[in-house]
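Read through the structure below, which is laid out as structure tokens, and then see the notes.
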Amino acid sequence: MSELSISGSQVQLQPPSQVQPQTASPVAEPFRITTNAPQMSDVNLTPGRRKLQKWLGRVLRIVITDGRVLVGFFNCTDRDANIVLSMCAEYLVEGQEPRLLGNVMVAKKHIVSLNIDEPTPSSSLLAQ
């Protein structure tokens, strides 16, 4: 039986006779996020696409038609303006404990308002 060895981005399959004991290896190159979307320079992007690109990974606060507030990281949108949030929390009443939902798709027809949820400088620990 062979043993599988994974280090960084390199995967090797070695026969058992050549397997060496694990030693501290140098720090591997971090994994890269890849996409199959066509790569465009900022010059070719419309202002709307440029703004959406800046919002990727930011925390969004979305109020939906039934009054609930969803807070999560902006993952993506589609041409119908539906929005996907990751690590999303649902607030039924402000100040109450949130319900953790995970990944959520919010349909455009249910969105009442959308804000980037950024802490105010006075509440930041770095401002002190």
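Only the coordinates and a few stated rules stand behind these numbers; no lab work does. Model, not experiment: these values are computed from the prediction. Note: ideal-geometry Cβ built from the backbone for every residue, glycine included; neighbour counts use all protein chains shown.
At a glance:
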item: Net length gained if the chain between Val93 and Ile116 were fully extended (0.36 nm per residue, minus Cα distance); result: 6.3 nm
item: Normalised per residue, the volume of the convex hull around the Cα set of region 66-121 (Å³); result: 96
item: Peptides 43-56, 60-73, 97-110 ordered by average Cβ neighbours within 10 Å, highest first; result: 60-73, 97-110, 43-56
item: Computed log₁₀ I(q)/I(0) - Debye formula, equal Cα scatterers, no solvent, region 40-100, q 0.25, 0.27 Å⁻¹; result: -1.06, -1.15
